[in-house]
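Here the structure is laid out as structure tokens; the discussion comes afterwards.
The values are calculated or read from the model by the stated rules, or taken from the named source; none is laboratory data. In this text, all values refer to a predicted model and were calculated from it rather than measured experimentally. No Cβ is skipped: glycine too gets one built from the backbone with ideal geometry, and neighbour counts run over all protein chains shown.
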Amino acid sequence: MTLKARITAIDRFIKGCREDGIYDNLNACCVMAGWDSLAGALTPLKGAAPTNNGLSNYDRGIGITGDGSSKYLDSNRASNADGQDNAHMSAFISTFDTRFNTVSPGIYLGAAKAGQASRFDIGPYASILYANNRCASQAVAGANPSATGLIGTSRPSPSEYSVRCSGSDFPQEVASVAPGTEDVFVLCRNSVGTPSSFSDATIAFYSIGSATDLAALDARVSTLMADLRAIEETGFDRDAIAYIRAVEEADGAYLETDVKIAVNNLVSGLKADGLWDAIGSSCLLCGPRTLAGALVPLRGAAPTAYGGWASGDYDRATGLTGDPTASLYLDSNRANDADPQDDKHVAVYVKIPTDLDSLLFPLGTSSNGSTPGVTQLLVNGLSDNAIARINGVSNVQLPYTYNQFSLFGASRPDSETLNLRVSGSETSDASDFQTPGADPILLFGVGSGFLGGEIAYYSIGSHVDDLAALESHISAYVTAIGAAL
């Protein structure tokens, strides 16, 4: 079924390109996503097969990723194989070059003749997209250097060429110069036979050929990539797909196939065990590519970050790390009284690195344990105990184990009971509730005791019957993310 669906997607693409009159312009072309192997990804749709020079990082959902230092493809199509005033190149970028704002450019496709008086290349450099089509270096004003999707350039005349980026066309009035004889390289530039300006981007498609309608090509390639992603996501839960799309929009890049599978398995597993509906607000603080993506909610409202969080505070394999000296915290934007006072849970998947001989608050509404209706998950570094309160001053405690991830979760099933799970152990005790206030539930700190540990997940909502099952699903997700990256 999958093979048939892929064939249908490719057939749709070819027929569409022919209907648009652009298929004959694709003289060298590879669809580098959708296949089960790297060999399949390097099988040309048209023209010569590219020669692989060391690339091995292939994901069937998003394409081939460069290493930014030495690995590339030789398209085996010369820069001058198409006319001086009749040439195009394009690439579908799944993840942009991460060094686009540095002094080191990362070229997506390119070739340059001796002296670089004539370049045929495209890629980001110094926070600007450069796209050169039979000319010297030319910055494209207004084009987004961190764009994903189809990026291309087409020259139909001696005096001008166009660049397409982020769904817009940018005309360039620059006279053409005779191209060199060098092959166009992919994920770097061929500088007179020497590969240079290596990229660490991920590319799912490239084409080289005669001048073409870039808007039409953009539409056809984007549809093809959407079709191939849909094939990979066949059978995925709708809520998982909605979350994945929201994360990809925030990240500005597509997620790897195995990351998407981990998300889907988590959502499907939570639903199968009857846990999904209890989650009112939640974030997966590992898995997405960026901090912005990690703050996309799995359910409920998005949290607000305070204190100057930076990209270095986020590790997509393990989570978000606080800084007790910088007063970093998240406001979950879920009020303490958003859930019934006798039907509520709070949980974090957390690792605290060491005993700091202080009170540490992975989650809470107040640092004052005597505040009426308070909700807290805290670690007392003096006694090495984990303490939980939900809508009341009375608490439940268990010993806390440092330096390992575990679910630290508490759940109130009724007006008299509070359940706690932490460090792989559980307990339950009598705990009368009090009426909670409307103050927000915070993470990583509640005015004092800011947390220097890592949180990979949090959830707030109604009572959870099985905290061990919740931990099992979150642990499996974090493990899968670590294996995928």
Looking only at region 177-200, and only at residues there that are part of a strand (DSSP E or B) and of a type in the set (Gly, Ala, Ser), the one that is surrounded by the most Cβ atoms within 10 Å (Cβ to Cβ)
Ser191
Among the residues listed as Gly437, Gly452, Gly424, Gly409, the single one being among the small types (Gly, Ala, Ser) and in contact with a Ser or Thr (Cβ under 7 Å, 6 or more places away or on another chain)
Gly424
Given the options Ser56, Ser75, name the one that is among the hydroxyl-bearing types (Ser, Thr, Tyr), out of contact with any strand residue (DSSP E or B) (no Cβ under 7 Å at 6 or more places or on another chain) and modelled with pLDDT of 95 or more.
Ser56
So the check is Cβ under 8 Å with 6+ separation or different chains; which pairs have a first residue in region 71-82 that's closer than 15 Å to Ala112 by Cα and assigned by TED's automatic domain parsing to the domain that holds Val192 and a second one that's among the polar types (S, T, N, Q) and in a strand (DSSP E or B)?
Asp74/Thr51; Asp74/Asn53; Asp74/Asn190; Asn76/Thr51; Arg77/Asn27; Ser79/Asn190; Ala81/Asn27; Asp82/Asn27
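Per-residue answers, yes or no, for (1) more than 21 Å from the chain's Cα centre (by Cα); (2) more than 16 Å from Ala456 (Cα to Cα):
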| residue | (1), (2) |
| --- | --- |
| Gly293 | no, no |
| Gly322 | no, no |
| Tyr329 | yes, no |
| Pro340 | yes, yes |
Within region 1-22, is there a residue that is of a type in the set (S, T, N, Q), in contact (Cβ under 8 Å) with a residue 12 or more places away in the chain, part of a helix (DSSP H, G or I) and in contact with a strand residue (DSSP E or B) (Cβ under 6 Å, 6 or more places away or on another chain)?
no
Does Tyr206 count as in the same structural domain as Val163 (by TED's automatic domain parsing), among the aromatic types (Phe, Trp, Tyr) and either under 30 Å from Asp82 (Cβ atoms) or in contact with a Pro (Cβ under 9 Å, 6 or more places away or on another chain) (or both)?
yes
Do we find a residue being over 29 Å from Thr51 (Cα atoms) and in contact (Cβ under 8 Å) with a residue 24 or more places away in the chain anywhere in region 114-125?
no
May I ask you to list the residues in region 451-472 that are of a type outside the set (A, V, I, L, M) and either surrounded by fewer than 21 Cβ atoms within 10 Å (Cβ to Cβ) or not assigned by TED's automatic domain parsing to the domain that holds Val374 (or both)?
Gly452, Ser462, His463, Asp465, Asp466, Ser472
Looking at (1) surrounded by fewer than 22 Cβ atoms within 10 Å (Cβ to Cβ); (2) of a type in the set (A, V, I, L, M, F, W, C); (3) touching a strand residue (DSSP E or B) at 6+ places or on another chain (Cβ under 9 Å); (4) modelled with pLDDT of 95 or more, which is the only condition Ala430 fails?
(4)
Wholly within region 36-126, strands (runs of 3 or more DSSP E) carrying at least 2 residues that are under 24 Å from Thr212 (Cβ atoms):
44-46, 63-65, 72-78, 87-95, 109-112, 119-125
Counting just the residues of region 305-314 that are free of Cβ contacts under 8 Å to residues at least 24 places away in the same chain and surrounded by 15 or more Cβ atoms within 10 Å (Cβ to Cβ), which one comes out nearest to the chain's Cα centre (by Cα)?
Asp313
